[in-house]
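Data first, discussion second: the structure below is written as C-alpha cells.
The values are calculated or read from the model by the stated rules, or taken from the named source; none is laboratory data. None of these values were measured; they are calculated from a predicted model. No Cβ is skipped: glycine too gets one built from the backbone with ideal geometry, and neighbour counts run over all protein chains shown.
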C-alpha cells in the first residue's frame with residue numbers, strides 16, 4: 001500500500017475534525033502564565049508587587065553616588081580613598097569594590113546582591129584608560145559594560161571580569177564631563193548564547209536574538225539587555241563593579 | 001479585549017488540533033496548548049508582528065521537552081501494515097487507521113515535521129525555523145518519515161493501487 005501526500009493531508013484534517021471540549025479559557029492561561037513568572041522569580045510575593053518592584057529596578061537612571069542604599073538595592077560608591085584590597089577578601093555584593101586596580105583609582109562603583117539587573121554609573125573619567133572590573137558570585141555570570149550602546153560583554157569567568165574600553169568606543173568628550181557607563185549582570189542562563197547573529201539559522205536582529213536565544217554580543221544594546229532582564233526577572237547572585245581610571 | 005485574549009480566541013482551536021496531532025489525545029493536547037500559551041503570555045510584550053511563529057515554536061519545544069521526560073506508553077509502529085484485501089468493505093477505514101498508526105509511531109521530531117508541513121502548510125524553511133534546526137535536518141526527517149509512512153511525494157493526485 002502506498003499513499004499520496006493528499007492522503008496524508010486528508011487524514012490529518014479528518015482526525016482533527018472532531019474536537020471535544022470548549023475553547024481555551026484565556027483567564028486560566030493568564031493565571032498559569034503568572035504562576036510561571038512567580039516561579040521564575042522564585043519569590044512568594046504577589047505578581048503585581050513583584051512586577052512593580054522589577055519595573056522600578058529596571059528603570060534607567062543615574063545612581064546617586066554616596067547616597068544611602070536601601071536593603072537589597074545596589075549600593076554605589078564614588079572615588080575611593082581606602083587601601084587597595086584584593087577582591088577575594090571582599091563580601092561580594094555587600095562590600096565596596098577595591099579602591100585601586102593596579103595603577104588605576106576607583107572613580108565609581110556599585111554592589112548588588114541580585115543579578116539580572118543593570119544600572120548607570122555616573123563617573124568623571126580623567127583618561128581614556130577607563131576600566132570596568134566586575135566581581136561576581138556566579139562564576140559564569142554574564143557581565144556587560146556599555147557606553148552609548150558600544151562596549152563589551154563577557155563571562156565573569158571564575159568570578160572576575162575586566163573590561164577596558166577602546167578609545168574608538170568612547171565619545172570624544174569622554175574626559176571633559178561626567179559620563180554614564182551602563183552595567184548589567186546576568187546569571188548563567190540558557191536564554192543567552194555565545195553565538196553571533198551572523199552564524200544563526202534564525203537571526204532576529206531587531207531583538208538581538210539568535211535561534212530564539214539572546215546573542216551575548218547584542219547585550220550591549222540597552223533594549224536587548226532590558227528584554228533579557230525582563231524575561232529573567234531579578235535573581236539571586238551578588239556582584240560588584242568598580243570603574244577605574246588614571247588619577 | 002487585549003491582543004493576547006484576541007489571539008487565544010482566534011487561534012486556540014487550531015492550536016489544539018495541531019497539538020492533538022503531536023500528542024495523540026485531546027486532554028494532553030489541551031494541556032500542551034495551555035502551557036504554550038501561558039509561556040507566550042509571559043513573553044507577549046516582546047513579540048512583534050505575527051505571534052504564530054513564536055507560539056508554534058513554544059508549542060513544539062514544549063512538546064519535545066515533555067516527551068523527553070515522559071514515557072509515551074505506546075508501541076511505535078515500525079512500518080505501515082499491509083492493506084486489507086481488495087474488495088474488503090472495511091478497506092478504506094483500515095488503510096486510514098494504518099496510516100494514522102504509522103503517524104503515531106513516528107519519532108517526535110518526524111511527526112512534528114509532518115504536522116507542520118502537511119497540516120499547518122508551512123514550508124520546510126519555516127519548519128526549520130520553528131523546530132530550531134537546519135533545513136537539511138528537516139529534509140532528512142521528512143524523507144525518513146515519508147518512507148515510514150509509505151507516502152510518495154511525487155504522487156499527488158492518483159493512488160498507485162494495482
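Counting only residues that are under 15 Å from the mean Cα position of the chain (by Cα) and within 8 Å of chain A (Cβ to nearest Cβ), which one in region B:26-49 is surrounded by the fewest Cβ atoms within 10 Å (Cβ to Cβ)?
B:26
Tally the residues that are facing chain A (nearest Cβ under 10 Å), at pLDDT below 70 and surrounded by 15 or more Cβ atoms within 10 Å (Cβ to Cβ), restricting the search to region B:50-102.
Selection size over region B:50-102: 4.
Scanning region A:167-197 for residues that are within 18 Å of the chain's Cα centre (by Cα) and assigned to a loop (DSSP other than H, G, I, E, B), which turns out surrounded by the most Cβ atoms within 10 Å (Cβ to Cβ)?
A:187
Considering only residues of region A:209-222 that are at pLDDT 85 or above and under 22 Å from residue A:37 (Cβ atoms), which is nearest to the chain's Cα centre (by Cα)?
A:219
Going by the conditions given, is residue A:124 within 13 Å of residue A:181 (Cα to Cα) and surrounded by fewer than 24 Cβ atoms within 10 Å (Cβ to Cβ)?
yes
For region B:12-25, name all the residues that are more than 9 Å from chain A (Cβ to nearest Cβ) and either surrounded by 22 or more Cβ atoms within 10 Å (Cβ to Cβ) or touching a helix residue (DSSP H, G or I) at 6+ places or on another chain (Cβ under 8 Å) (or both).
B:19, B:22, B:23, B:24
Do you know which residues across region A:227-246 are at pLDDT below 85 and within 14 Å of chain B (Cβ to nearest Cβ)?
The answer is A:227, A:229, A:230, A:231, A:232, A:233.
Residues in region A:198-220 that are outside any helix (DSSP H, G or I), crowded, with 21+ Cβ neighbours inside 10 Å and out of contact with any helix residue (DSSP H, G or I) (no Cβ under 6 Å at 6 or more places or on another chain): how many?
1
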